[in-house]
Structure formats: structure tokens, C-alpha cells
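Colleague: For reference, the structure I am asking about is given below.
Just so it is clear, none of the values below were taken in a lab; they were calculated from the coordinates. Just so you know, these numbers come straight off a predicted model, no measurement behind them. So basically every Cβ, Gly included, is an ideal-geometry build from the backbone, and we count neighbours across all protein chains shown.
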Amino acid sequence: MKKFYIKTFGCQMNVNDSEKMAGILRDMGYEKAESPEEADVIIVNTCSVRAKPDNKAFSFIGSLKKIKKKKPETIIAVAGCVPQKEKDSILRFSHVDLVFGTFNFMKLDSLLERAKRERVVEILNSKIPEEDRVPLIDSYLENPYVAYVTVQRGCNRFCTYCIVPFTRGRERSVKPELVVEEVKRLAERGVKEVQLLGQNVDFYNYEGVDFADLLYMVSEVEGIERIRFQTSHPAGFNRKIVKAMKEIEKVCPYVHLPPQSGSNRILERMNRGYTREEYIEKVMMLKGEIPDVALSGDFIVGFPGETEKDFEDTLSLVETCVFDQGFVFEFSPRPFTKAATFKDDVPKEVKNRRLQELQDLIKRQAEEKNRKRLGKVEEVLVEGRSPKGGELSGRTKDNKLVVFDGDEGLIGKFIKVEIVETSPFFLKGKPILEGA
Ligand code: SAM
Ligand code: SF4
Ligand code: F3S
């Protein structure tokens with residue numbers, strides 16, 4: 001049997017696209033390889049949101065040269081956000097046979113056939129009608145119980161630092177009936193939790209059906225017991241969504257609402273479309289309605305022109321809102337973006353220090369919140385073995401990672417776990433087994 005290996009960089013959107021590509025390959029009769037060396041087709045699904053993932057993808061692509069030399073019939077493909085805007089940077093690798101972008105991965109079968117005969121480069125720049133078919137491609141699930149469902153593609157917001165509108169095109173919402181159909185198919189295959197994905201799900205709109213409406217529709221699917229979603233955008237997040245979260249038992253109390261900065265001056269330079277006051281007000285509204293909600297966010301430190309006072313405003317926003325989780329990035333100038341023309345004037349060591357300080361603050365908040373769970377009994381969906389091996393791992397409804405000892409048979413089940421130890425990033429538990 002022929003084998004494939006997919007290496008994915010970037011966000012959940014890319015992970016989901018890779019799962020769909022794996023689904024196409026499975027339909028073509030391929031099976032998953034454990035390493036690139038044993039694969040007949042290798043796909044690198046790239047990300048260009050910051051210089052770091054971008055560089056990692058390039059060094060991975062470079063490392064495939066020796067495989068191509070040993071086994072010239074191996075097809076090496078590069079897909080995703082890097083070739084979408086910068087295909088020449090990929091074409092300089094002579095061992096790459098196939099290059100395609102974010103708009104045409106669903107055509108992988110015919111692209112591969114062509115790549116067996118010649119070098120193929122196909123980067124489309126706009127929506128193609130087939131895209132509406134995407135949700136109906138049966139995906140290959142990395143995790144059989146928790147699945148991603150992309151409900152929205154692209155972005156119209158053009159934050160000045162961000163390359164995504166250039167690599168993913170204009171915002172398109174997937175027809176609600178197609179989303180529901182995909183969720184039903186996943187439920188039939190045993191999936192218990194779906195995570196609805198979009199760059200800004202709150203702006204979901206398909207002929208008047210908005211994101212809250214979509215949540216109600218998805219919640220009707222039998223067999224799905226948990227619904228998560230991300231990313232929420234502070235300018236679009238609203239009371240109607242919070243009401244749906246409150247009314248629908250299946251919707252998890254977890255919101256990823258990236259502030260990026262707490263300084264109005266910087267938010268304006270970022271073109272984020274909200275003020276710190278508006279951000280705080282929305283978080284207070286959310287926490288007022290759903291007190292046990294977990295809040296997470298992304299932050300950029302060292303944005304061009306960020307002063308110590310601006311950074312203090314970010315710290316104070318975090319102090320006020322209290323986060324369960326935070327992803328802090330140093331500003332990284334990206335091609336095509338407006339901020340790449342701004343003077344990148346915050347010295348590297350200052351960016352480093354701010355990153356550390358902000359991470360430490362969020363870590364302290366998470367630690368404190370997690371400590372309150374000690375001795376409590378939580379319901380966990382058991383997802384598999386923890387990455388380090390050994391223990392089982394799962395998540396609480398509000399997305400806290402819990403690790404515990406237990407046997408294989410618990411995977412895919414909802415179980416009760418007593419929390420016996422806490423840390424900023426995960427909880428340790430002891431399963432409470434029925435009849436024990
Ligand atoms: N759509 C989401 C939003 O608006 O919050 C996030 C999308 S982006 C794929 C994920 C995160 O990467 C952003 O929230 C931001 O914090 C970070 N990011 C994007 N561009 C960046 C840049 N040029 N430098 C540093 N971080 C960046
Ligand atoms: Fe990028 Fe801004 Fe769009 Fe998010 S909203 S994907 S940060 S342009
Ligand atoms: Fe990266 Fe593209 Fe996602 S740039 S973060 S993989 S949309």
C-alpha cells in the first residue's frame with residue numbers, strides 16, 4: 001500500500017485542511033506513514049503568520065532533499081499559506097514536485113496525478129465553486145473523538161500586522177446546512193466534541209444566519225455532546241452569542257478572545273476596531289452572564305511604537321480581565337502587511353522582557369484559578385495518552401487539560417475525575433470509576 005506523510009505548521013485551520021487532505025489520500029488508497037522516509041507522498045502544509053513557523057517550514061522542506069535523492073519517485077508537495085503569497089521562495093527547492101495554495105487543496109487527487117509526470121505549481125487567488133464542497137470531504141481524524149469543523153474561511157479585517165487576509169483571501173462563511181451535515185457525519189463516526197473554526201467566528205454570516213444561529217443548529221445534532229469555537233473577535237463578539245452559550249448546554253464555557261494589546265494607541269495602529277474599554281466591557285458582560293467561563297487570548301508585544309506605558313496598559317487589561325490561558329508573541333514584520341512598513345523600533349531584548357513579563361502574569365492568574373479546583377470533581381472527555389506518554393489525558397468543559405492514570409478503555413468516554421494536583425498549565429486527577 002502507498003503511504004503519505006503530512007507535516008503541518010500553523011493554526012487549527014491548517015490542521016483541519018491537513019486532515020481533509022489526508023481524507024482525500026485515504027480515498028485514493030494511501031495509508032498514513034510513521035515517518036517521511038517511508039512515505040510515497042510528503043506534504044508540508046505551511047504557515048507564514050510569523051517568521052518562526054515560516055523558517056521552520058523552510059528548514060523542514062530543505063531536510064527532505066536527502067529523501068528525494070535516495071527515493072526519487074517520492075512526491076514532495078508544499079501547500080498552505082507560504083506558497084499562496086510567496087511561491088518563488090518554495091520553487092527554489094528543486095526537489096519539490098508540487099506547490100499549491102490554500103484555495104485548491106481539495107483538488108489534491110488531480111494535482112498529485114499531474115505531479116507524477118511534471119512539476120506542478122497551482123496557486124489560485126480567489127474562491128472557486130468547489131470550495132463549497134469542502135466540508136463534505138470525509139476527513140481523516142487525528143483524534144477520533146474531537147474534530148475540527150471549519151465554518152468560515154479567510155478574513156476581511158486587515159489588522160496591520162497580519163498576513164492572513166493575503167494568504168486566505170476574503171471572508172467566506174460555509175453554508176449552515178453543510179456545516180450541520182459535516183457535524184452529523186462526524187457524530188456517526190463516534191465524534192463527541194466539535195470545534196467550530198474561523199478566523200473570526202462572530203462575523204459568521206450566511207444569508208442572514210449568524211454565528212449564534214449556527215450554534216443552535218449544530219447543537220441539534222445527536223451524539224455531539226460538546227461544542228467549542230474559535231477564534232472570537234472582540235469587535236464582533238456579542239450578547240447574542242453569550243445568550244446562545246448560556247442556553248445551549250452543549251456549548252462549552254470557554255472563549256478565545258484575543259485582545260492583542262491593552263493600549264488604545266496601539267490597538268488603533270493595529271487597526272483592531274475596538275478600544276480597551278470595549279474589550280473589558282465585553283469580558284465583564286461575558287463573565288457576568290457565565291461566571292465559570294474560561295478566558296484565553298493572544299497578545300503581541302513589541303509592536304512598532306509600543307512604549308513602556310502602552311505595555312503597562314496591556315498588563316493592566318490582563319489584571320482586570322483575568323485569563324486562564326494566553327499566547328504571547330513578539331511582533332514579527334510580515335510581507336504585504338502595513339506594519340511591515342512601520343519602523344520595527346522596539347529592541348529585541350525589550351520584546352523578550354515584555355513577553356516574559358506578560359507570560360508570567362498570565363501564568364500566575366492561571367495558577368491561581370486552577371488551584372481553586374483542588375479537591376473538586378470534574379467531568380472530562382478522555383482524549384488519549386498525554387503527549388509525554390504514560391498517563392491518560394482529557395479536557396474539562398472549560399478546556400483545562402487533565403492528566404490521570406487509567407486504562408485504554410476510558411478513551412472516548414466522559415468520566416468523573418477528582419483533581420488532586422494543580423499547576424498553571426494542567427491539572428492532575430484521579431478517576432472516580434462507577435462501582436469502585
Ligand atoms: N483571527 C484571530 C484574531 O484576530 O485574533 C487570530 C489569527 S492569527 C492566525 C493568530 C495570532 O497570531 C494573532 O492573534 C496574533 O496574536 C498573532 N500574530 C499574527 N500576526 C503576527 C505578527 N506579524 N507578529 C506577531 N504575532 C502575530
Ligand atoms: Fe489576522 Fe486580524 Fe484577520 Fe485575525 S482579524 S486573521 S489578526 S487580520
Ligand atoms: Fe498560519 Fe495560515 Fe493559519 S498563516 S496561522 S496557517 S491561516
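Colleague: Can you name every one of the strands (runs of 3 or more DSSP E) wholly within segment 351-436 that holds 1 or more residues which are of a type in the set (Asp, Glu)? Don't jump to the end; show me each part of the working.
Modeller: Numbers: elements: 377-385, 392-395, 401-404, 414-422, 427-432.
Passing ranges, in order: 377-385, 414-422.
Colleague: Can you name the residue in segment 23-52 that is more than 15 Å from ligand 1 (Cβ to nearest atom) and in a loop (DSSP other than H, G, I, E, B) and is also nearest to residue 72 (Cα to Cα) among such residues?
Modeller: At the first step, the residues of segment 23-52 found to be more than 15 Å from ligand 1 (Cβ to nearest atom) are 23-44.
Remaining after also requiring in a loop (DSSP other than H, G, I, E, B): 28-30, 33-35, 39-40.
Working: 28: 21, 29: 21, 30: 18, 33: 17, 34: 19, 35: 17, 39: 12, 40: 10 Å.
Once the filter is applied, the top-ranked residue is 40.
Colleague: Looking at 319, 278, which one is surrounded by fewer than 20 Cβ atoms within 10 Å (Cβ to Cβ), within 16 Å of ligand 1 (Cβ to nearest atom) and part of a helix (DSSP H, G or I)?
Modeller: Values: 319 fails: within 16 Å of ligand 1 (Cβ to nearest atom).
Every option except 278 fails the conditions.
Colleague: Next question, about the same structure. Given the conditions (1) part of a loop (DSSP other than H, G, I, E, B); (2) within 20 Å of the chain's Cα centre (by Cα), report the number of the one that residue 227 does not fulfil.
Modeller: (1)
Colleague: So residue 150 fits all but one of (1) away from ligand 3 (no atom under 16 Å from the Cβ); (2) in contact (Cβ under 8 Å) with a residue 60 or more places away in the chain; what number is the exception?
Modeller: Tallying (1) away from ligand 3 (no atom under 16 Å from the Cβ); (2) in contact (Cβ under 8 Å) with a residue 60 or more places away in the chain, residue 150 fails exactly one: (1).
Colleague: Let me ask something else. Scan segment 193-215 residue by residue and report those that are surrounded by 22 or more Cβ atoms within 10 Å (Cβ to Cβ), in a helix (DSSP H, G or I) and more than 13 Å from ligand 2 (Cβ to nearest atom).
Modeller: 211, 214, 215
Colleague: For segment 54-76: of the residues being within 16 Å of ligand 3 (Cβ to nearest atom) and crowded, with 20+ Cβ neighbours inside 10 Å, which is farthest from residue 160 (Cα to Cα)?
Modeller: To start, the set of residues in segment 54-76 that are within 16 Å of ligand 3 (Cβ to nearest atom) comprises 54-58, 60-61.
With crowded, with 20+ Cβ neighbours inside 10 Å added as a condition, the list becomes 54, 57, 61.
Numbers: 54: 19, 57: 24, 61: 29 Å.
In this case the residue turns out to be 61.
Colleague: Also, I was wondering about something else. Quickly run through segment 216-250 and pick out the residues that are aromatic (Phe, Trp, Tyr) and crowded, with 20+ Cβ neighbours inside 10 Å. Please lay out each step first, then the result.
Modeller: First, pick out the residues of segment 216-250 that are aromatic (Phe, Trp, Tyr): 216, 229, 237.
Passing the criteria: 229, 237.
Colleague: Ok, one more. (1) more than 14 Å from ligand 1 (Cβ to nearest atom); (2) surrounded by fewer than 17 Cβ atoms within 10 Å (Cβ to Cβ): which one isn't true of residue 158, the others all being true?
Modeller: (1)
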